[in-house]
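Since every read-out is calculated from the coordinates, none of them should be taken as a lab result. Bear in mind the structure is a predicted one, so any value in this text is a computation, not a measurement. Positions of Cβ are generated from backbone atoms using ideal geometry, with glycine treated the same way; all protein chains shown enter the neighbour counts.
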Amino acid sequence: MKVLLLGHNGQLGKILKNKLQKKINIYVDKKYNKKIIEKKNFINLYNEIKPDIILNSIAYTKVDNAEKNNEAFKINSNFIEEIGKIISRETLFVHFSTDYVFDGLKKNPYLITDNPKPINNYGKSKLEGEKYIQKLMNNYIIIRTSALFSSSGTNFVKKMCELIDNNKEINVVNDQYFVPTPCDDLANIVYKILLNYNKKDIYKDLFHFVGSGSSLSWYEFAKLINKNLGSRNKITSISSYELNLPAKRPKYSVLSDKLIRNKYSFDEQSWEIFLKHVIKEIKS
Ligand SMILES: NC(=O)c1ccc[n+]([C@@H]2O[C@H](COP(=O)([O-])OP(=O)(O)OC[C@H]3O[C@@H](n4cnc5c(N)ncnc54)[C@H](OP(=O)(O)O)[C@@H]3O)[C@@H](O)[C@H]2O)c1
């Protein structure tokens, strides 16, 4: 089984690479970097490696900047359309999407059967990407996730640790609810998927996957990070309206992930335990 990992320098990509390369034949792009989204380069890489599986961790993830430029659509949607036209019907495409495909008006966890209705450009571009996969590809697994965190890359936990360390004033929104997801946990489920992979099977799956444990607001998450750091910094709770960022965010984007957990049962650890490990790693 040959696996091509796209986006191995990103937050999730790094963890996938470290975790999977010990167990599986993983190929990464060392030639094209940011130019891999050009059609001819992707074709060259694909023909050179001839992967059975592509894990796509490439994405434009700057949610506020996506309101001001066209990059999100270029990377999260157009690039996926190109891939859909290039790869064979046999290649399994494993792709990551987001809770931000939903508008956040629901009061209980989103199911895969709920209608997506994104309220910002990032969410719109990711939903378009999902649609291209479903329309153009024969063999795919899409995993929507939320609030990824790890000790590498850019994420809320790292940002909070930095602000708390530097005694900065911290204002965090109290009206957006979600479930944090450790990248390690997501990488473990991807590993399970790869272990169960059968070349003869055709996959057409859409899953949700989030950390194991309760949902909370960004403000509550920040307070928990503060507590785990043993710090007493003041964290101020504010509304999204007061923070007034360029991109709107869903007020409630909790995803129900029973489906994937039932299909690929694996050892669960709560995201709160992962948070303690990740904070230790960040501080070391
Ligand atoms: N982060 C979250 O909280 C979150 C939540 C829900 C869903 N997701 C989804 O989970 C997946 C992984 O997210 P992440 O946090 O790992 O994102 P990330 O850290 O921003 O990584 C994105 C990756 O895409 C690459 N990339 C961006 N623009 C590119 C371009 N023009 N050409 C080639 N590569 C490009 C980056 O390369 P460089 O490193 O060279 O810049 C990086 O490797 C994404 O699909 C994201 O939508 C993330």
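List of remarks:
- Gap separating the Cα centres of the range 211-259 and the range 22-69, nearest whole Å: 30 Å
- The chain: most fluctuating residue of TYR177, TYR241, TYR191 per GNM, C-alpha cutoff 10 Å: TYR241
- Options ASN76, GLY129, LEU20, ranked by Cα towards positive dipole end of the chain, top entry (Cβ charges): LEU20
- Counting charges near GLU38 (Lys, Arg +1; Asp, Glu -1) among other residues having Cβ under 13 Å from its Cβ returns a value of +4.
- Dipole moment magnitude, nearest 20 debye, the chain about Cα centre, only Lys, Arg, Asp, Glu C-beta charged: 480 debye
- Relative exposure of VAL190, VAL173, judged by other C-beta atoms within 10 Å (fewest first): VAL173, VAL190
- Average Cα contact separation per residue, the chain, under 8 Å, 6 or more apart, as relative contact order %: 21 percent
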